1. Name every residue in region 50-78 that is modelled with pLDDT of 95 or more and open to solvent by 40 Å² or more (accessible area, probe 1.4 Å), in order of residue number.
2. If the Cβ limit is 9 Å and pairs must be 6+ apart or interchain, which residue in region 158-171 that is of a type in the set (A, V, I, L, M) pairs with which residue that is not in a helix (DSSP H, G or I)?
3. Looking at region 223-254, which of its residues are surrounded by fewer than 20 Cβ atoms within 10 Å (Cβ to Cβ) and either over 26 Å from Thr268 (Cα atoms) or away from the ligand (no atom under 16 Å from the Cβ) (or both)?
4. Pull up region 95-106, narrow it to residues that are in a loop (DSSP other than H, G, I, E, B) and touching a Lys or Arg at 6+ places or on another chain (Cβ under 9 Å), then point me to the one that is nearest to Thr74 (Cα to Cα).
5. Of (1) open to solvent by less than 20 Å² (accessible area, probe 1.4 Å); (2) modelled with pLDDT of 95 or more, Asn165 satisfies all except one. Which?
6. Name the pairs: first residue in region 126-139 and modelled with pLDDT of 95 or more, second residue in a helix (DSSP H, G or I) and open to solvent by 10 Å² or more (accessible area, probe 1.4 Å), Cβ to Cβ under 8 Å, at least 6 apart or on different chains?
7. Considering only region 84-95, I want to know if a residue exists there that is of a type outside the set (Ser, Thr, Tyr) and more than 26 Å from Asp54 (Cα to Cα).
8. Of all the strands (runs of 3 or more DSSP E) wholly in region 132-244, which have at least 1 residues that are closer than 26 Å to Arg63 by Cβ?
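The values are calculated or read from the model by the stated rules, or taken from the named source; none is laboratory data. This one's a predicted model, so the numbers in the text were calculated from it and none came from an experiment. Note that we place each Cβ from the backbone using ideal geometry, even for glycine, and neighbour counts take in every protein chain shown. Each accessible area value is taken on the protein alone, full model and side chains, heavy atoms only, with ligands, DNA and RNA left out. Shrake-Rupley method; radii C 1.70, N 1.55, O 1.52, S 1.80 Å.
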Amino acid sequence: MDYDTLTLRPISPHLGAEVRDIDITRPLSNRQVEGLHHALGHFGVLFFRDQRFDFDSQKRFGRYFGDLDIHPNTPGPAGHPEILPIHADATTKMIAGEKWHSDVSCFQEPPLGSILHLHTVPPSGGDTLFASLGAAYDALSPRMKTYLEGLTAHHSGERNYRKRNRLNGVDDRGRVFPEADHPVVIRHPISGRRGLYVNRLFTTRINELPEEEGEALLRFLFEHCERPDFQIRFQWQPDSVAFWDNRAVLHLAIWDYYPQVRSGSRVTVKGGRIAA
Ligand code: SIN
C-alpha cells in the first residue's frame, strides 16, 4: 500500500513503525484511518509521540478500528468502562503484562488491538517489548510447521486474574473468568500472514496432546516466540501512544522502575474469532 497520508519510520525488519506528523487526538479522515489500519496489519505495532489523549479522544481513536472491549477483570473509571487504567507506583504489588502475552487471548473473540497512552513515565526504564508472531512462525523448520498444523491450544484468564486479585486484596470468589480454544497457527486477518498464537500468560495446554508433550511443546514455542531477533523495545516518553495488533505481536511490560510512577490508560478494540 502507498501510505500517502502517513509518515512512517520502520523500526526493525520484522515489526514496528513510528508514525509521525499526525495528531490522533483529533478526528481523522477515512484515508488516514484506512492507512493506519493497513499499517497496523503490516508492522504489527505503531508508535506515536506527543499525543495528549483524554479518555474521550482515546476512545474515539479506538472506535475508528472497531467497538471497544470492557476488560473482564478490571473495571474502568466511572463513565468510562472501556478504559483500562495502567498504573504502577510504590504501593503496586503486580503490574499488568509482566509476562509475554497477547491481550485477553482467553476471550472467545480476542481483541484486534490495544491502544496504550502513558501520560506519566519513570525517569528511566518502564519500556515495553514487542515480538513478531509472524517472524517466529517463519523461522520454524518445515517439519515443525507441519507438526503444528491443526493443533489447538486452550487459553484461560483464571490463573492471571486470580493472582492479581489476591495480591490486590480483591475477593473474586464465585467469579468465572473467560477461557477459549484457538488454533496454534493462525492466519492474520489483515495481512494474511501466518503466525504463532500462544503465550505464557494465558495459554495452558495443547488440546490434542498428552499433558507432558503439550507442556514441552508450549515451553519450546514460548521461548522461540521470545527470541531477541523477533523483538523491538519501545522507550516511552510522556504522551507516547503504542497501538499493537494482538494477532500479530506479543508484548511484555518491564517493571524495572519501582518505586517510580508509570501511569496511563488503555483501550482495547474488539476482534473476532481467530482463524487457522
Ligand atoms: C499491557 O499489557 O497492556 C501493559 C503494557 C505496558 O504497560 O507496557
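1. Asp50, Arg52, Asp54, Phe55, Asp56, Arg60, Arg63, Tyr64, Asp67
2. Leu167/Lys93; Leu167/Met94; Val170/Asn73
3. Across region 223-254, the qualifying residues are Glu223, His224, Arg227, Pro228, Asp229.
4. Across region 95-106, the extreme among qualifying residues is Ala96.
5. Evaluating Asn165 over (1) open to solvent by less than 20 Å² (accessible area, probe 1.4 Å); (2) modelled with pLDDT of 95 or more leaves (2) as the failure.
6. Ala135/Asp229; Ala136/His224; Tyr137/Lys145; Ala139/His224
7. yes
8. Where strands (runs of 3 or more DSSP E) fall fully within region 132-244 and carry at least 1 residues being closer than 26 Å to Arg63 by Cβ, they are 152-156, 179-183, 185-187, 194-196, 231-234.
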